[in-house]
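One structure is given here, and the rest of the page talks about it.
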Amino acid sequence: MKITNVRLGRISVPLRTPFKTALRSVNSVEDVIVEIHTDTGAVGYGEAPPTGAITGDTTGAILGAIRDHISKTIIGRDVDELEPLLQTVQKSIVGNSSAKAAVDMALWDLYGQLYNIPVYKLLGGGRKQIVTDITISVNDPETMAADAVKAIGRGYDCLKMKVGVNPQLDVARLKAVREAVGKDTVIRIDANQAWQPKEAVRLLNQMQEQGLDIELVEQPVKAHDLEGLKYVTERSYVPVLADEAVFSPEDAMTILKMGAADLLNIKLMKCGGLYNALKIASAAEVFGVQCMIGCMLEAKISVNAAVHLACARNIITKVDLDGPVLCSEDPILGGAVFQEKQITVSDAPGMGIVGIESGRLTYLEE
């Protein structure tokens, strides 16, 4: 099975409601789609969202990285050379982690098709189902409480609350949500780098002292401030999850050695795909540190790849793969089945994606 062509396109999927964090506000998923074609007719699918505020990857940068650099290094090569191909993708250009992730997952997809086995089983996985949280955008306390109640009505029992916009309101936001959903709902929070270290400790400990029972806090301080992250981890009553601070296996090792966080968040778009995600998971296993599998605001192709990883590695104990359920529609054919909080991986070969609804994908000039 030889790679003959790499086609690029764009897809737009509206969200149910605007997605608002401390870093950005978004109304729709606008992603780059990658198709890797082969001489057997098999096609591998990948996807990359432009999240310039987090990864630095814009739509133009993703397209340029794949078209001008990555694709040139893999066309004409055999899919059976999986590890050398994956290494080539990582070395083909500096940075551009989302572009690399899209090509990486498409190669895994083809490799699974070549050997007629789903990727999660290739990776040794035994789980077929996982349960995700759902994200509640940052708003005034009353709106967040109302949105949380709606999520509970849809069957969710774990909520990820976005905070960090006007930190003075954060405790009030969480108090309103906890009062609205009761004590049995799991609440985790994501500050998206919004707080200073001492401020984070004060806010987090205040939340716990008021009985808000926060499960974990995601990236409370700036991504580069590992000493600040460690400061919060050592003093906070709330366990700390490193997110934007973890872009590579090397980042993960630094954090693990420092004891700078209690947990790690693995996102394919940050680390460049499954190849590096597996290394992060293995490092976390060695240190006995549990992981969350997360996503950006993505449609189903790339989140589906994260589902395969989550079903394969037991060190991934927390799931934040709500991208597809935040969308108002799903134009992706095949792959994992998302039934609100319940996600069931596909047993079809590769990643299980079979295509995109007619008229939804706009191919770009080659």
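The values are calculated or read from the model by the stated rules, or taken from the named source; none is laboratory data. A quick note: this is a predicted structure, and the numbers were derived from the prediction, not measured. So basically every Cβ, Gly included, is an ideal-geometry build from the backbone, and we count neighbours across all protein chains shown.
Miscellaneous remarks
- Against the numbered list (1) more than 23 Å from Ser28 (Cα to Cα); (2) outside the structural domain of Lys318 (by TED's automatic domain parsing); (3) not in a helix (DSSP H, G or I), Gly52 comes up short only at (1).
- For region 10-27, a tally of residues being crowded, with 16+ Cβ neighbours inside 10 Å and of a type in the set (Gly, Ala, Ser) returns 1.
- Hits in region 224-240 (condition: acidic (Asp, Glu) and either touching a Ser or Thr at 6+ places or on another chain (Cβ under 9 Å) or not in a helix (DSSP H, G or I) (or both)): Asp225
- The lone exception for Thr344 - which of (1) buried (at least 18 other Cβ atoms within 10 Å of the Cβ); (2) in contact with a strand residue (DSSP E or B) (Cβ under 7 Å, 6 or more places away or on another chain) it fails: (1)
- Taking helices (runs of 4 or more DSSP H) as the structural unit, those lying wholly within region 87-155 and holding at least 3 residues that are out of contact with any strand residue (DSSP E or B) (no Cβ under 6 Å at 6 or more places or on another chain), on the phi < 0 side of the Ramachandran plot and β-branched (Val, Ile, Thr) correspond to 141-153.
- Check on Leu309, assigned to a helix (DSSP H, G or I) and of a type outside the set (Asp, Glu): yes
- Of all residues in region 268-306, those satisfying the criterion of being part of a helix (DSSP H, G or I), in contact with a Ser or Thr (Cβ under 7 Å, 6 or more places away or on another chain) and not polar (S, T, N, Q) are Leu268, Met269, Lys270, Cys271.
- On the stretch given as region 199-223, residues that are in a helix (DSSP H, G or I) and touching a Gly at 6+ places or on another chain (Cβ under 9 Å) total 1.
- Of the residues making up region 16-47, those that are part of a strand (DSSP E or B) and among the polar types (S, T, N, Q) are Thr17, Ser25, Asn27, Ser28, Thr38.
- Flag if Thr21 is out of contact with any Lys or Arg (no Cβ under 6 Å at 6 or more places or on another chain), in contact (Cβ under 8 Å) with a residue 12 or more places away in the chain and β-branched (Val, Ile, Thr): no
- Check on Ile3, farther than 23 Å from Cys295 by Cβ and outside any loop (DSSP other than H, G, I, E, B): yes
- Taking every residue in region 312-336 that is under 22 Å from Gly125 (Cα atoms) and pairing it with any residue that is among the aromatic types (Phe, Trp, Tyr) and surrounded by 23 or more Cβ atoms within 10 Å (Cβ to Cβ), at least 6 positions away or on another chain, the pairs with Cβ-Cβ distances below 8 Å are Ala312/Tyr120.
- Set side by side, the residues Asp190, Asp262 differ, and just one is within 19 Å of Ile316 (Cα to Cα) and in contact (Cβ under 8 Å) with a residue 60 or more places away in the chain, which is Asp190.
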